[in-house]
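One structure is given below, encoded as structure tokens.
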Amino acid sequence: MNRQIAVECTGVVKDFGTGSVKQRVLQGIDWQVPIGATTFLVGPSGCGKTTLISIIAGLLTATSGTVRILDQEITKMRPGRVVKFRADCLGFIFQQFNLLPSLSAVENAAVSLVVQGSTLASAKRQAAALLDQLGMDKNKHKYPNQLSGGQQQRVAIARALVHNPKIVISDEPTASLDAQAGREVMELLRQVASADDRAVIVVTHDNRIFPFADHIATMSDGRIESFRRNAT
Amino acid sequence: MFAIALKMLFHDRAKYLGLILGVAFSTLLINQQLGIFIGLITRAGAVIVDVPQADIWVMDPGVKNLDTIFPLRDTELGRVRGVPGVAWAVPLYKSNVTIRTGNGELEASLLIGVDDSTLIGLPPEVVMGNIDDLRRPDAVAVSVDGFRKVWRNEPLSLGNIAELNDRRAVVVAIVKDSPKFTSSITFFTRYSQALQYTNNGRNQMSFIVAKSAPGATPQEVSRSVVARTGLQAMSAEDFRYKAIMYVVQNTGIPISIGTVVGLGILVGIAVVGLMFNLFVLENLKQFAVLKAIGTSNMRLIGMVFLQAAVVGFVGFSVGLFGATMFFETAGKSPTFQGFYLPWYVAAGSGAIAAAIIVLAALLAMRRVLFVDPAIVFRG
Ligand SMILES: Nc1ncnc2c1ncn2[C@@H]1O[C@H](COP(=O)(O)OP(=O)(O)OP(=O)(O)O)[C@@H](O)[C@H]1O
Ligand SMILES: [Mg+2]
């Protein structure tokens, strides 16, 4: 297996709609996301960032092209395999946090393990330890509606990491937070998520958090315009 | 995963309670109404049940139930007794009489005249008094419920005097009879005595009740009786069924009860189906998140069905408990006396509740199945 590359996109095209309303959102993406680093995907609104990471995660299917993740071609997998693959290898962080309101913080963080097949009780023990690391030791038993945005995003980070995925995909993780909370969340994400065998992909508009990137890919109009190591 | 499904369900208290109440209400309605229905219609055969010794009933060929009777000629008794396979046969008299209660009010009452010598036709369960005292002049036995209705607020006692069609009757025994369709007051007396109370002259045999000899079925013997006498004869069981079916076919009871039961089922389907759909709809984003994280469709369907099953089980239990309580308490009042919840009604309503739940879950399942996990990245 190629130890350096987590995700490799080759000629990925995505069309939405058919006929006269057909819109080519991704115009042939060639992109390699390295392992052991945090890679930002930036670009103007509507350029196709969310579409691209959805295809990488197997949540959308590409019109053409191939996506290899961890040396497996997700674009060729059976749907059932894709679901299993997501459960085992991917962690997700969303702009809207997307916590389950009926579960406490620690239960929410445990969900990824439960999805893999753990019992809720044993999953909660692992999730609790991770929440402690994220500075949530006092809020573990609160429910999402009792937590601030920053706190909710920490729970979401715990959920994305608790099952030790090889790839973490995050879409605008700071967009719903104020500057201060956004920076804190990014600091924590960097501390906890960074690992030699893990790739972290962050989609963002928020240039205040660019310093947290190892690599920055810039997208424009359905193409990757540039991919560079981050200077700062 | 199933723990999460349950937490999701219980989290939305209002909807959870609404769902439970929907199923419970439906179950209660179905059980209560069908229990009453069965209790009511079986009363149509109560007079037959009260003569357990006889297994053959003989009557005028035109008789369709126990209420519209045409008297048999006295000579028929001898002819029936002469039919091979008939072990014994005795006359039974049945008529309506007017009775004046303790406080002067008039009530409709049933008068049963039983065989003078054997007293066959008297219900087996004697609550108070001695049956043999019926052989005394003017002696009658009264049903427990009848006693309570005629002598309100008086403890059960013997020696009370009633007026049956303005003639004196002395209560010498109190018996427990099956609740009747029309009146809860029943008096029993000797056949000859009964004729005096109604004083209608000859030809007063309402029925001949008989017993088949060992080795012959009541159906076979009944056929012989029909062949030999030209009367109508059938087994006690068949007559009871016929009397019950008469009520089913000729009264509004099945329609009115059927309407309520149908409404119960409809309300159940509508309320539970809609509310469960709403529940799943409101939690659709959560299902999408679980899907994105890597939960298979099978698992998600399992979650939905578990949620539905819990709603169904709890709702059904509450409803059945309510219905049981109803029959426990109401079953003691004279109006509903003898009413109970037949096991097959409970089982049937369980099947209906299960069907409602499966339907609701199937409807809701589609949403979960087709929700696009890619929406998790959208606001
Ligand atoms: N399901 C869909 N059906 C049709 N068009 C879609 C669909 N999803 C996205 N698009 C279109 O694809 C284009 C790219 O959308 P996408 O969400 O990937 O952009 P983005 O770069 O993530 O934007 P933003 O920064 O605002 O989140 C947009 O023009 C959008 O309208
Ligand atoms: Mg986007």
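Annotations for the structure displayed:
- Of the residues making up the range B:205-234, those that are surrounded by 21 or more Cβ atoms within 10 Å (Cβ to Cβ) and not hydrophobic (A, V, I, L, M, F, W, C) are B:SER206, B:SER212, B:PRO218, B:SER222.
- Screening the range B:229-345 for helices (runs of 4 or more DSSP H) wholly inside it with 3 or more residues that are within 14 Å of chain A (Cβ to nearest Cβ) returns the ranges B:273-282, B:284-293, B:297-330.
- Taking (1) assigned to a loop (DSSP other than H, G, I, E, B); (2) more than 16 Å from ligand 1 (Cβ to nearest atom); (3) surrounded by fewer than 18 Cβ atoms within 10 Å (Cβ to Cβ) in turn, A:HIS205 satisfies each apart from (2).
- Residue count for the range A:61-110 under the criterion of being among the charged types (D, E, K, R) and within 30 Å of A:HIS141 (Cβ to Cβ): the result is 3.
- Residues of the range A:189-199 satisfying the condition of being in contact with a strand residue (DSSP E or B) (Cβ under 7 Å, 6 or more places away or on another chain) and over 19 Å from A:GLY135 (Cβ atoms): A:ARG198, A:ALA199
- Applying the set (1) hydroxyl-bearing (Ser, Thr, Tyr); (2) within 18 Å of the chain's Cα centre (by Cα); (3) closer than 27 Å to A:GLY182 by Cα to A:THR61 leaves exactly one unmet item: (3).
- Yes/no for A:SER118 being hydroxyl-bearing (Ser, Thr, Tyr), over 21 Å from the mean Cα position of the chain (by Cα) and facing chain B (nearest Cβ under 9 Å): no
- Index of the failed condition, B:GLU76 passing every other in (1) closer than 22 Å to B:ALA236 by Cβ; (2) touching an Asp or Glu at 6+ places or on another chain (Cβ under 6 Å): (2)
- Filtering the range B:103-138 to residues that are assigned to a strand (DSSP E or B), surrounded by 20 or more Cβ atoms within 10 Å (Cβ to Cβ) and either at negative phi or touching a Cys at 6+ places or on another chain (Cβ under 7 Å) (or both) leaves B:SER109, B:LEU110, B:LEU111, B:ILE112, B:GLY113, B:VAL114, B:LEU122.
- The requirement of being buried (at least 22 other Cβ atoms within 10 Å of the Cβ), outside any helix (DSSP H, G or I), in the same structural domain as B:LEU110 (by TED's automatic domain parsing) and not small (Gly, Ala, Ser) is not satisfied by B:THR182.
- Meets criteria (surrounded by fewer than 19 Cβ atoms within 10 Å (Cβ to Cβ), more than 16 Å from ligand 2 (Cβ to nearest atom) and more than 9 Å from every other protein chain (Cβ to nearest Cβ)) for A:LYS76: yes
- Per the conditions (1) part of a strand (DSSP E or B); (2) in contact with a Ser or Thr (Cβ under 9 Å, 6 or more places away or on another chain), the sole criterion not satisfied by B:THR189 is (2).
- Of all residues making up the range A:156-184, the number that are within 14 Å of the chain's Cα centre (by Cα) and in a helix (DSSP H, G or I): 6
- Filter result (exposed (fewer than 14 other Cβ atoms within 10 Å of the Cβ), at positive phi and within 14 Å of chain B (Cβ to nearest Cβ)) within the range A:42-73: A:GLY46
The values are calculated or read from the model by the stated rules, or taken from the named source; none is laboratory data. Bear in mind that the values here come from a model prediction, so they are computed numbers and not experimental data. So basically every Cβ, Gly included, is an ideal-geometry build from the backbone, and we count neighbours across all protein chains shown.
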